[in-house]
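Below is one structure, written out as structure tokens; comments come after it.
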Amino acid sequence: MGRIPSLKNFNAFPHAEDHLLKKTYSGAIVTILGLIVMVTLFAHELTFYLTTYTMHQMSVDLKRGETLPIHINVSFPSLPCEVLSVDAIDMSGKHEVDLHTNIWKLRLDKYGHIIGTEYLSDLVEKEHGTHDQDHGHEHDVEKKPEHTFNEDADKMIKSVKLAMENGEGCRVYGALDVQRVAGNFHISVHGLNIFVANQIFDGSSHVNVSHVIHRLSFGPEYPGIHNPLDDTSRILHDTSGTFKYYIKVVPTEYRYLSKGVLPTNQFSVTEYFVPIRPTDRSWPAVYFLYDLSPITVTIREERRNFLHFITRLCAVLGGTFAMTGMLDRWMYRIIESISSSKPRSGMR
């Protein structure tokens with residue numbers, strides 16, 4: 001029995017003496033500040049718990065027989081729509097006659113406002129044998145045997161020159177589906193007859209392929225995606241040449257918290273500019289050369305564990321409550337010491 005009173009030393013909740021239970025103004029201020037801090041920290045922890053985060057995994061890409069969607073939106077402020085064409089080439093060497101496209105050309109005035117539309121039906125997918133992508137060979141503006149101009153050609157030349165004098169430009173936008181193999185698509189004046197092109201531009205060195213890439217993607221967008229070519233502007237002054245964008249496409253799957261799956265692609269890019277030379281037979285263009293990575297990335301949304309949330313919440317609120325109590329006792333002692341010293345100074 002003599003040892004039983006020693007158990008009092010293990011009491012984690014000792015009862016305070018009566019003089020320590022006084023309610024003071026300083027204690028009320030400390031309590032209000034503590035409540036504000038606890039409510040703020042609680043809101044922060046709750047937001048942290050409800051916010052999802054992403055986990056990234058990599059694996060070998062096993063997809064076969066699917067197409068690669070390409071979404072483009074590019075403006076050419078110095079070239080009218082009549083002279084622009086879009087060509088698509090892949091490395092398979094096959095001529096796809098059923099290539100699905102949905103490309104539009106928008107006529108722009110010198111202020112960038114839309115003044116007309118045209119559906120682009122002249123998209124061409126050409127044989128790999130005539131275009132060597134690996135070695136970066138350019139192809140000339142389409143050559144035709146006729147050396148005379150008919151009335152349609154004359155009308156086109158006059159129309160294009162008038163559009164150029166008025167500062168007319170063109171925006172090419174839309175989507176196309178290509179095979180999941182390396183290839184390229186390019187926007188250029190290669191669809192023109194060589195003689196018509198020379199009459200319009202007076203040589204390839206006067207073709208201004210300045211452009212603004214408003215959007216370029218290889219599939220639908222997921223939260224947090226970054227397309228490195230979006231809002232890219234390349235403006236030429238007193239020069240001409242060919243722009244080449246070498247793109248590495250990475251297949252990606254985004255898995256939502258709701259178990260939904262969004263197949264898409266992300267990409268990295270390296271760009272080069274090749275100035276035109278007087279001896280060059282090629283004509284300026286904007287090339288987008290893409291290749292697919294053999295690795296696919298899976299991005300998965302996750303939510304934090306509820307027990308982890310409770311643990312953090314108890315630690316934060318408990319720590320704030322303890323610090324508030326310590327601050328209250330510290331202020332009470334300071335006030336008591338100040339008040340007890342005043343009579344002594346008065347007696348002196």
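Summary table below
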quantity: Failed condition for Ile70, given (1) in a helix (DSSP H, G or I); (2) surrounded by 12 or more Cβ atoms within 10 Å (Cβ to Cβ); calculated: (1)
quantity: Members of segment 53-94 that are among the basic types (Lys, Arg) and within 30 Å of Arg303 (Cβ to Cβ); calculated: Lys63
quantity: Members of segment 166-202 found to be open to solvent by 20 Å² or more (accessible area, probe 1.4 Å) and either of a type in the set (S, T, N, Q) or more than 36 Å from the chain's Cα centre (by Cα) (or both), listed by number; calculated: Asn166, Gln179, Asn193, Ile194, Phe195, Asn198, Gln199, Asp202
quantity: Given (1) modelled with pLDDT of 80 or more; (2) open to solvent by 20 Å² or more (accessible area, probe 1.4 Å); (3) outside any loop (DSSP other than H, G, I, E, B), index of the condition Ile89 fails; calculated: (2)
quantity: Out of Val261, Val269, sole residue that is open to solvent by 50 Å² or more (accessible area, probe 1.4 Å), among the β-branched types (Val, Ile, Thr) and either on the phi < 0 side of the Ramachandran plot or free of Cβ contacts under 8 Å to residues at least 60 places away in the same chain (or both); calculated: Val261
quantity: Single residue of Ile247, Ile338 found to be open to solvent by less than 80 Å² (accessible area, probe 1.4 Å) and aliphatic (A, V, I, L, M); calculated: Ile247
quantity: Matching residues in segment 312-326 - criterion: being among the hydrophobic types (A, V, I, L, M, F, W, C), farther than 10 Å from Gly34 by Cα and surrounded by 14 or more Cβ atoms within 10 Å (Cβ to Cβ); calculated: Leu313, Val316
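Listed here are the residues, each with its yes/no results for (1) farther than 20 Å from Leu289 by Cβ; (2) free of Cβ contacts under 8 Å to residues at least 24 places away in the same chain.
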site	(1), (2)
Lys155	yes, yes
Lys161	yes, no
Leu176	no, no
Phe185	no, no
Phe195	yes, no
Thr242	no, no
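The values are calculated or read from the model by the stated rules, or taken from the named source; none is laboratory data. None of these values were measured; they are calculated from a predicted model. Using ideal geometry, Cβ is built from the backbone for each residue, glycine included, and neighbour counts are taken over all protein chains shown. When the accessible area is computed, the model is the full protein with side chains, heavy atoms only, and any ligands, DNA or RNA have been set aside. Shrake-Rupley method; radii C 1.70, N 1.55, O 1.52, S 1.80 Å.
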